[in-house]
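Any read-out appearing in this document is the output of simple, stated calculations on the displayed coordinates, not a laboratory observation. The shown structure was predicted, so the numbers you read here are calculated from the model rather than taken from an experiment. Don't worry about glycine lacking a Cβ; one is built from the backbone with ideal geometry, like all the others, and counts go over all protein chains shown.
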Amino acid sequence: MLSGQIAADPQANDRLVNNPTLKPYLSQIFNRTEFRRYLCGQTLRYDITLHKKSSPAGCQLVDAIGAGPGLLPALTSVQEGFVDHSQGRDALGSKQPNARTALGITDDGDIILVMVAQKPSASASGMSLPALADFMKTLGAQKAMNLDGGSSSSMYYNGQTFYGKVNSEGNFVKRPVKSVLLVQEN
């Protein structure tokens, strides 16, 4: 079972809506990619889609976690307002190598979770978003999305936390994160 747990920040929307730098991108920001879980009859189904897309017929949206941009079937950095070539804006450093976290869905409905960590000896290591999209494709993902990157890239598994971002001294950067994707056995 996958479920998104999000810590709410009541002032976050106010800061977003009132930020003059982001105002031109608000319609794109409010329609970013989501990982969704649906209940279709008795069957759980997963999808990666834009926020404004309706639920499939006969399915009820159970929960969703938003992030972006979409990686597959196409990289949607421009469509989601992360990149604006005319303004020289790239909010994610999408073409630069960095720690990254992604989620994908295969044709059989399997879920793929990936965290790309930087090498302690090379702070300029990691993956760009186009490279991450290509990597997700090699793992069999038909749909994929970027979850977060940089110092927010971390994964807790089997009692151990793995961090993705390194600082200039080669030490992993540990910071609190406000949202998590929790995977549990049924």
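Alpha carbon centre of the range 46-118 versus the range 123-186: separation in Å?
13 Å
Using unit Cβ charges (K, R positive; D, E negative) and no other charged atoms, how large, in debye to the nearest 20, is the dipole of the chain about its Cα centre?
Its charge dipole is roughly 300 debye.
Tell me, what ³J(HN,Hα) does each residue in the range 110-115 have, in order and in whole Hz, if you take phi through Karplus 6.51 cos²θ - 1.76 cosθ + 1.60 with θ = phi - 60° and put x for Gly and Pro?
Karplus values, whole Hz, x for Gly and Pro: 5, 9, 10, 10, 9, 10.
For the chain: lysine pairs with Cα atoms under 19 Å, gap of 8 or more or different chains, count?
Going through the chain pair by pair, I get 10.
For Ser128, enumerate residues with amide H under 5 Å from its amide H, sequence gap 5+ or separate chain, H modeled in the peptide plane.
Long-range HN contacts for Ser128: Asn98.
Could you run the Karplus curve 6.51 cos²θ - 1.76 cosθ + 1.60 with θ = phi - 60° over the range 67-77 and give me ³J(HN,Hα) per residue in whole Hz, x for Gly and Pro?
Using θ = phi - 60°, the values come out as 6, x, x, x, 9, 9, x, 9, 6, 10, 4 Hz.
Skipping prolines and chain starts, which residues have an amide H placed within reach, meaning under 5 Å, of the one on Leu50, given they are 5 or more residues away or on another chain?
Glu34
Okay, helix-only estimate at 222 nm for the chain: each DSSP H run of n ≥ 4 adds -39500 (n - 2.57), divide by all residues, round to 500 deg cm²/dmol; what do you get? Intermediate results must be reported in sequence, preceding the final value.
Details: 3 runs with 20 residues, N = 186.
The helix contribution divided over the chain gives -2500 deg cm²/dmol.
Rounded, prolate or oblate: pick one for the range 42-159, where a ≥ b ≥ c are the square roots of the eigenvalues of its C-alpha gyration tensor, a/c under 1.5 means rounded, and failing that, prolate if a/b is larger than b/c, else oblate. Don't skip to the answer; put the middle values down first.
Values: a/c = 2.07, a/b = 1.35, b/c = 1.53.
Note, shape of the range 42-159 comes out oblate.
Any idea what the relative contact order of the chain is, in percent, if you count C-alpha pairs under 8 Å spaced at least 6 apart?
Worked out over the chain, it gives 23 percent.
Where does the charge balance sit around Phe82 when Lys and Arg score +1, Asp and Glu -1, over other residues with C-beta under 9 Å from its C-beta?
Summing Lys and Arg as +1 and Asp and Glu as -1 gives -1.
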